[in-house]
1. Highest GNM mean-square fluctuation, the chain, Cα pairs closer than 10 Å: which of 165, 64, 39?
2. In degrees from 0 to 90, rounded to the nearest 10, what is the angle of the helix 224-238 Cα long axis to the longest principal axis of the chain?
3. With angles folded into 0 to 90 degrees, how steeply does helix 178-192 sit against the dominant principal axis of the chain? Use alpha carbons for both and round to 10.
4. Note the angle between two axes, namely the Cα long axis of helix 155-174 and the longest principal axis of the Cα atoms of the chain, as a number of degrees from 0 to 90, rounded to the nearest 10.
5. Taking 7 Å along the Cα-to-C-beta vector as the label spot, tell me the residue 195-residue 98 distance in nanometres, rounded to one decimal.
6. Give me the compactness ratio for the range 150-191, meaning the Cα radius of gyration over 2.2 N^0.38 Å.
7. Using only the Cα atoms of the range 62-182, each taken as one equal point scatterer with no solvent, compute I(q) by the Debye sum, divide by I(0), and report log10 of the ratio at q = 0.10 Å⁻¹.
8. Please build a GNM for the chain, connecting alpha carbons under 10 Å apart, and tell me which residue among 54, 172, 218 fluctuates the most.
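Read the figures in this text as sums done on the coordinates, not as results from a lab. Keep in mind the model is a prediction, meaning the values are calculated, not measured. Reconstructed Cβ throughout: ideal geometry from the backbone, glycine too, with neighbour counts over all protein chains shown.
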Amino acid sequence: MQPGAQAADAFAPAVAALGTARFAVELLAALNRMVAVDHLSLMRFADRTRPPVLESAVWRGGEHVAEVQRAYLGGLYRHDPNLQIEPHEIRVLRLHRDAIENAQYRERCYRRAGLIERLSVTAPCAGERVALNLYRHERSGAFSEADAQAIGGVARLLASLAVKHAGMLGALLRSRERSDRVAAFAARLHALDGRLTPRELDVLARILTGMSSAGIALDLRVGLNTVLTYRKRGYGRLGISSQAELFSLCIA
């Protein structure tokens, strides 16, 4: 089989999952058929003042992912070198933990989580910037030059997939149809924490669309106490305790 055909076969599940909660997981699985990648995150930066929209998937060593994401979205994103990039073309950027200047960002987003290096594929997206970040854990070691070259060889494909997925989720969130927005928020929540159950996703996604607990109970045809239980469990998994915190995690 030719290399191009192999790539097409490897990434086919990710293509099929565009715009859904499965995209990040399928993309990470495809990448691991080429290069060992421990964690993946997809970020869309609107500007330098707002937290990026974020999705992620864990392959191995993801015990601290939720903690890192909360710290990052809580303000440490301002120290991310990708925020300074103005990508007018597709670029592949490499960042080793020891090269990070801000001590708090280095400690809370890399060292504490055991992450040692990141490869980023950045691309323009409808006036914004998309960054597909691929991480290696200390247990796996840093990327080799061959690894970096392999990612560079499919950078255009990766950028196209990332931009398309970001655009599809954005369109769903702008849709007048509540079902579209619920699906988009469920995808974002699943990316924040893959441990969320389907019912927890159902409830939290509807909260994000502005529905009340009573309205959610009617929509899901369950009791109000059931909705409150799923909400509490979902908040617990995300490490939050209020609707305001939920909005801060999921809406940029």
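1. Comparing 165, 64, 39 in a Gaussian network model of the chain, the most mobile one is 64.
2. That helix lies at roughly 20 degrees to the long axis.
3. Helix 178-192 and the main axis of the chain meet at about 50 degrees.
4. With both axes taken from Cα atoms, the answer is about 20 degrees.
5. Spacing of the two 7 Å Cα→Cβ label points: 3.4 nm.
6. On the way: Rg = 13.1 Å, N = 42, 2.2 N^0.38 = 9.1 Å.
Its radius of gyration relative to the 2.2 N^0.38 Å reference: 1.43.
7. Result of the Debye calculation: -0.36.
8. 218
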